[in-house]
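The structure appears below as structure tokens.
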Amino acid sequence: MILANAFCLFFFLDETLRSLASPSSPQGPELQGWRPPVDCVRANELCAAESNCSSRYRTLRQCLAGRDRNTMLANKECQAALEVLQESPLYDCRCKRAMKKELQCLQIYWSIHLGLTEGEEFYEASPYEPVTSRLSDIFRLASIFSGTGADPVVSVKSNHCLDAAKACNLNENCKKLRSSYISICNREISPTERCNRRKCHKALRQFFDRVPSEYTYRMLFCSCQDQACAERRRQTILPSCSYEDKEKPNCLDLRSVCRTDHLCRSRLADFHANCRASYQTLTSCPADNYQACLGSYAGMIGFDMTPNYVDSSPTGIVVSPWCSCRGSGNLEEECEKFLRDFTENPCLRNAIQAFGNGTDVNLSPKSPTFQATQASRVEKTPSLPDDLSDSTSLGTSVITTCTSIQEQGLKANNSKEFSMCFTELTTNIIPGSNKVIKSNSGTYIACSSVVLTTAFILMLPLAL
């Protein structure tokens, strides 16, 4: 009993000192080690204003010029420069897609991070700021639910991709930029050269970067019930000029070409960061964010790695860059893995279907419940046909309330298929972060009587 009382007294004093030494409810920037994001152009300005950072940055750029990473790190001066810059704002800086100085920002980012990578990595970190918006935000901006609230007969007969083109024509900016890329990509240069692909790609980039996503997504990801609609969807980017070629290059060769360009390299890295299939989430998407994946997919259009639908099938969604794995040699396995990130990607497929159906994932249900239910793993759920609504087996009633027990740090009683429906837990979540502050309420309850008695005894002499 004496040992138990001593332990509780020690615990009480320790927690008291902790509370006095730190804020009781830390938020965002007050977290230790947390630094607010700075775009790389601004980070470069901050570095230039500090003599040590500025000189080390110049040294690093000279080190990277025409050298591989191993050669660079063999030089002690280059290695020292890299170590110093890792503590500067340049190391954590990020860029925004379609920002005014995007290319300059990305050049600064890769000038640091190319020196940190060991060779050519399969997946690279995205240089862009994380996406916080969701599909539901886009749905609120425009009524683009495919058939939601409409007459079912009319909905089935409607060509949603044609409706999307009509909606674009009603918006001045969308109509102008769409007409521009259609004109450029359809302009034949000679009998042997169907178009100027470089200019076509540039016009497509301008369209997808400058037109709001409630218009561009509607054209790219419209749901279809017939082949005519699916073919219109496939023709959105005028693939005869922007996508197809006489021969398909090897996918790894195409990736290497893409990575020589800072913009293309960044868009590909962003696609992998936001669309890479995750079997730890409900939707197979990182952070269950469909919007981030679709935005990253659209961001690759207009580059060497431009993806598109492989056929005009209305019942299946398969997209791919224009490449194959022929001639991969002993790298065939790596090539197939790269290609499957497009052709067999459950995150991308689910995101496209969710947009076409006008649904999104709501991970913040209002009604708390802790009832454990049997549910199959989401990643094993077969893909949905385009014409299914949100009343299917992946309906919002399941998605909005359930998550895997393993994500909550609980044991699933030897069953991998248990799930738990929940909303609010007895923890505090720091706004703008994924960190959770545990309340330790059980320990306080166990020790409450001893702590109160001890505190009274300690304070009695002070009162006297």
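So, in region 122-147, how many residues would count as being at pLDDT 65 or above and part of a loop (DSSP other than H, G, I, E, B)?
Residues flagged as at pLDDT 65 or above and part of a loop (DSSP other than H, G, I, E, B) within region 122-147 amount to 12.
Scanning for something more than 19 Å from R265 (Cα to Cα), open to solvent by 50 Å² or more (accessible area, probe 1.4 Å) and of a type in the set (D, E, K, R), does region 297-309 turn up at least one residue?
No: region 297-309 contains no residue that is more than 19 Å from R265 (Cα to Cα), open to solvent by 50 Å² or more (accessible area, probe 1.4 Å) and of a type in the set (D, E, K, R).
Considering each residue of region 79-121, count those that are in contact with a Pro (Cβ under 8 Å, 6 or more places away or on another chain), buried (at least 17 other Cβ atoms within 10 Å of the Cβ) and at pLDDT below 90, and give that number.
Within region 79-121, residues that are in contact with a Pro (Cβ under 8 Å, 6 or more places away or on another chain), buried (at least 17 other Cβ atoms within 10 Å of the Cβ) and at pLDDT below 90 number 0.
Under the condition of being of a type in the set (G, A, S) and open to solvent by less than 60 Å² (accessible area, probe 1.4 Å), which residue from region 206-228 is farthest from A351 (Cα to Cα)?
Step by step, filter region 206-228, then rank; the result is S213.
Any residue that is of a type in the set (A, V, I, L, M), closer than 30 Å to K337 by Cβ, exposed (fewer than 14 other Cβ atoms within 10 Å of the Cβ) and modelled with pLDDT under 75 - is there at least one of those in region 148-159?
No, region 148-159 contains no residue that is of a type in the set (A, V, I, L, M), closer than 30 Å to K337 by Cβ, exposed (fewer than 14 other Cβ atoms within 10 Å of the Cβ) and modelled with pLDDT under 75.
Rundown of residues vs (1) of a type in the set (S, T, N, Q); (2) modelled with pLDDT of 95 or more; (3) in contact with a helix residue (DSSP H, G or I) (Cβ under 8 Å, 6 or more places away or on another chain); (4) within 23 Å of L170 (Cα to Cα), yes/no style:
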residue: A203; (1), (2), (3), (4): no, yes, yes, yes
residue: E214; (1), (2), (3), (4): no, no, yes, yes
residue: R233; (1), (2), (3), (4): no, yes, yes, yes
residue: I237; (1), (2), (3), (4): no, yes, yes, yes
residue: C241; (1), (2), (3), (4): no, yes, yes, no
residue: C251; (1), (2), (3), (4): no, yes, yes, no
residue: R255; (1), (2), (3), (4): no, yes, yes, no
residue: T260; (1), (2), (3), (4): yes, no, no, no
residue: A269; (1), (2), (3), (4): no, yes, no, no
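With the requirement that a residue be open to solvent by 10 Å² or more (accessible area, probe 1.4 Å) and assigned to a helix (DSSP H, G or I), what does region 273-287 give you?
A273, N274, P286, A287
Do any residues in region 228-255 that are touching a residue at least 24 places away in the same chain (Cβ under 8 Å) and closer than 25 Å to N159 by Cα have Cβ atoms under 7 Å from those of residues that are of a type in the set (D, E, K, R) and open to solvent by 20 Å² or more (accessible area, probe 1.4 Å), where the two are at least six apart or on different chains, and which pairs are they?
S240/R194; C241/R194; C241/R197; S242/R197
Have a look at R187, R255 and point out the one that is of a type in the set (D, E, K, R) and either open to solvent by less than 90 Å² (accessible area, probe 1.4 Å) or under 21 Å from L268 (Cβ atoms) (or both).
Of the residues listed, the single one that is of a type in the set (D, E, K, R) and either open to solvent by less than 90 Å² (accessible area, probe 1.4 Å) or under 21 Å from L268 (Cβ atoms) (or both) is R255.
The values are calculated or read from the model by the stated rules, or taken from the named source; none is laboratory data. Just so it is clear, the model here is predicted, and its values are computed rather than measured. Every residue, glycine among them, receives a Cβ derived from its backbone with ideal geometry; neighbour counts consider all protein chains shown. Quick note on the areas: whole protein, heavy atoms, side chains included, nothing else; ligands and nucleic acids left out. Shrake-Rupley method; radii C 1.70, N 1.55, O 1.52, S 1.80 Å.
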